[in-house]
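Input: a single structure, listed below in structure tokens.
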Amino acid sequence: MNKQTLLLLILSFIIFGAESQQLFHEYYDWGEPMTMPADTAEQDMIQLFRKIAIEFHLEDPYFSEYDLLHDVKFINSDEAVEANNNIYLYYNRRAEIIDAKARLIKPSGKVIDFDNSKMLDSYDEETGDQFKYFAMEGLEKGDIIEVIHVVHRAPDYQGRRWIFQYDFPINRLEFDLFAPDNLIFEFLVSNDTNSVVTDTLAENNHWHFYIDNIEALDDEESAPYNTIRKQIVYKLDRNIANNLRDITSYGKASQIVFSNNYTSIEKADLKAVEKFLKEINVDRSSSLDEQIFKVENYVKNNINIIEMETEESTKLASVIKNKTASEDGITSLLVNLFKALGINHEIVLTSNRDDILFDKDFEAYVFLSDYLIYFPDTKKYLSPNQFENRYGLPASENTNNYGLFIKRVTLGDMESGLGKVKFIEPIGYEATHHNHYVTTDFSDDFNTVHVDMTTSSLGYFAAPLQPYIYRLSDELKEEIAEKSAENYIPNSELNSWEYINTEPEVIGKEPFLTRLDITSSDLVDVAGDKYLFKAGLLIGPQQELYSEKTRRLPVYDNYKRMFDRELTINIPEGYKVVNAGDLDIFAEYVVEGAQVLLFESKHTYEGGVIKVNIHEYYDQIEYTVEEYPYYRDVVNSASDFNKVVLILERK
């Protein structure tokens, strides 16, 4: 969502009281140099102090924001020296650093000062981003780095987040927010029991939030790291000067988003949409699913999606003409096409749950970062700006999360958007599979094994390749097939390959099939008069969750999923397998009588043919630390199967 549009519209409602007091950042300074902490064992770095002070201020006629950051770090390892040789200062293109200084405090007490004149510039040619930084010359293990800088920026008060926990400890954290006395802010503190306190003695409004001894929190595989760290979100809620309430609200956001996408669209743009719809040639007698598929696939296969928001990339006539759209532009184009077709739909705004969970009770625009389109009649979603995700398969990071659903309502000749917060259910595990169908034959001398394999990918497993494959040259397709074969069985030779269901009209509807004909000399070892066949490798490489460390964080999977494998192993005449029972493995996790995790492999051995059927699925997204052992056992069961070696000997 274009938050700048919301900012400009909402600013027009705000009336400020007068202010004349000195601003906090104007008199704030560091005190006496800090000394090395007493307990530094096993810590590469310790943040001795961090202060974040946010000031909102009326500079007639402009409303401004000043951000002050004060950091003090104790450097306790060579790795920390390397990581802190350059201290980069926080700011962006809409901001200006108005003051900055740093100092290096040696164990002897010697202080080396770095003022504004020693601040350097850096430019990232790949991203185009510019940076300012201090080069901490002479930094050594045992030193203390202290930095203060102040940023003047456009105000951001509709919902902004600060994270307070990292993979190093913080001895003292102070967060302050200052505002004119007529502006009332609200706060959401997550993953901490401390509360924001109002300073009742301040001349204007002042809120503060202080924490001592924040422990280091290391990330773990598949953990929702960003969402479980200590953090705060704040927003402007009221202006008591004019009794204006709910300044940051989903009611206002819903109306603005609705207007931007429907009622504010110019006639020339609507005419362009009608003409484009004729080009798509939707069969209106077909099913609702087919109509939605047709529109989305045509749009995504003909309109390029870019990150930059410009008038050309959002205005519908320009989008259709130039075949280029921003996230806002592609969303607006799709919803207006669906509106023209009379297809009931709702715009959904939500967050990327890998970064921040949508809080259903605290209305703030920091949670409104990603678009979805919801179809109430089919109860399915569409991710407008994700090329690889098609109707029925919304971006996984937006599911298992709450969102703001904006419904079109009419009153006479008037239309408006009505918003409601609802849960976005994850897609069921049956809709995302990666299945294997494998047949193997041994050469007469046992030197090689011929493997005929077909994989079937659907849902999130198909999304990374199926939408793109038809655009690739045969050379690139063959290169991908060779890499797939090598990843499946190392040191194998690819004899032939084929991709099925690559046509644009079946993307997201039919499973993506890959057929590989492979010869491998690595699947068989010789042990005296016996042959050792690495049958477990036929399911491809598997994740392992073996660790001596105790799990501290919960698991948050990307999506529900399943794997079915059918293996047919033809045993050469005159030989038998003596340990076929090793192919049978079982692990499950049952919650209230429902099986939510399963790995089960079963075999039959008849007439010189071993058939193995494997069923594996994960019907849950979140797993607590207490549930982790069950999750680990099911994941590791697939890894254990990977290690199965069949022993062949003469009858």
Check your understanding: Among the residues of the range 453-470 satisfying the criterion of being open to solvent by 40 Å² or more (accessible area, probe 1.4 Å) and in a loop (DSSP other than H, G, I, E, B), which is nearest to Asn301 (Cα to Cα)?
Key -> Tyr470
Revision key, fill the gap. In the range 406-441, anything closer than 22 Å to Thr227 by Cα and out of contact with any Ser or Thr (no Cβ under 9 Å at 6 or more places or on another chain) is listed as Val421, Lys422, Phe423
Point to revise | helices (runs of 4 or more DSSP H) lying entirely in the range 270-369 (those with 2 or more residues that are in contact with a Pro (Cβ under 6 Å, 6 or more places away or on another chain) and of a type in the set (A, V, I, L, M)) | key: 327-341
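With the range 491-549 as the region, which strands (runs of 3 or more DSSP E) entirely inside it contain at least 2 residues that are not aliphatic (A, V, I, L, M)? Don't jump to the end; show me each part of the working.
Details: elements: 492-500, 512-520, 524-527, 530-533.
Strands (runs of 3 or more DSSP E) meeting the threshold: 492-500, 512-520, 530-533.
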Review point. Any chance the range 622-638 includes a residue that's more than 27 Å from the chain's Cα centre (by Cα) and of a type outside the set (Phe, Trp, Tyr)?
Key: yes
Exercise for review: Can you run down the residue pairs with Cβ atoms below 7 Å, 6 or more apart or on separate chains, where the first is in the range 157-178 and within 22 Å of Leu23 (Cα to Cα) and the partner is part of a loop (DSSP other than H, G, I, E, B) and open to solvent by 10 Å² or more (accessible area, probe 1.4 Å)?
Suggested key: Phe178/Asn204
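Residues checked against (1) of a type in the set (Ser, Thr, Tyr); (2) within 27 Å of Pro37 (Cβ to Cβ); (3) open to solvent by 40 Å² or more (accessible area, probe 1.4 Å); (4) part of a strand (DSSP E or B):
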| residue | (1), (2), (3), (4) |
| --- | --- |
| Ser117 | yes, no, yes, no |
| Leu120 | no, no, yes, yes |
| Phe131 | no, no, yes, yes |
| Glu146 | no, yes, no, yes |
| His149 | no, yes, no, yes |
| Asp156 | no, no, no, no |
| Asp181 | no, no, yes, no |
| Ile184 | no, no, no, yes |
| Phe187 | no, no, yes, yes |
Practice item. Might you let me know whether the range 569-587 holds any residue that is modelled with pLDDT of 95 or more, within 31 Å of the chain's Cα centre (by Cα), of a type in the set (Phe, Trp, Tyr) and surrounded by 14 or more Cβ atoms within 10 Å (Cβ to Cβ)? Key: no
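Restricting to the range 243-256, give me the number of residues that are farther than 11 Å from Leu418 by Cβ and part of a helix (DSSP H, G or I). Lay out the reasoning, then the answer.
From the range 243-256, those farther than 11 Å from Leu418 by Cβ are 243-249, 252-253, 256; that's our starting set.
Among the residues that remain, those that are also part of a helix (DSSP H, G or I) are: 252-253, 256.
So the answer is 3.
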Check your understanding: Of all residues in the range 504-521, how many are out of contact with any helix residue (DSSP H, G or I) (no Cβ under 6 Å at 6 or more places or on another chain), open to solvent by less than 80 Å² (accessible area, probe 1.4 Å) and in contact (Cβ under 8 Å) with a residue 24 or more places away in the chain?
Key -> 9
Check your understanding: Has the range 588-603 got at least one residue that is open to solvent by 40 Å² or more (accessible area, probe 1.4 Å), closer than 22 Å to Asp619 by Cα and part of a loop (DSSP other than H, G, I, E, B)?
Key -> yes
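The values are calculated or read from the model by the stated rules, or taken from the named source; none is laboratory data. Being a predicted model, the structure only gives us computed values, none of them experimental. Every residue, glycine among them, receives a Cβ derived from its backbone with ideal geometry; neighbour counts consider all protein chains shown. SASA here: full protein model, heavy atoms, side chains in, ligands and nucleic acids out. Shrake-Rupley method; radii C 1.70, N 1.55, O 1.52, S 1.80 Å.
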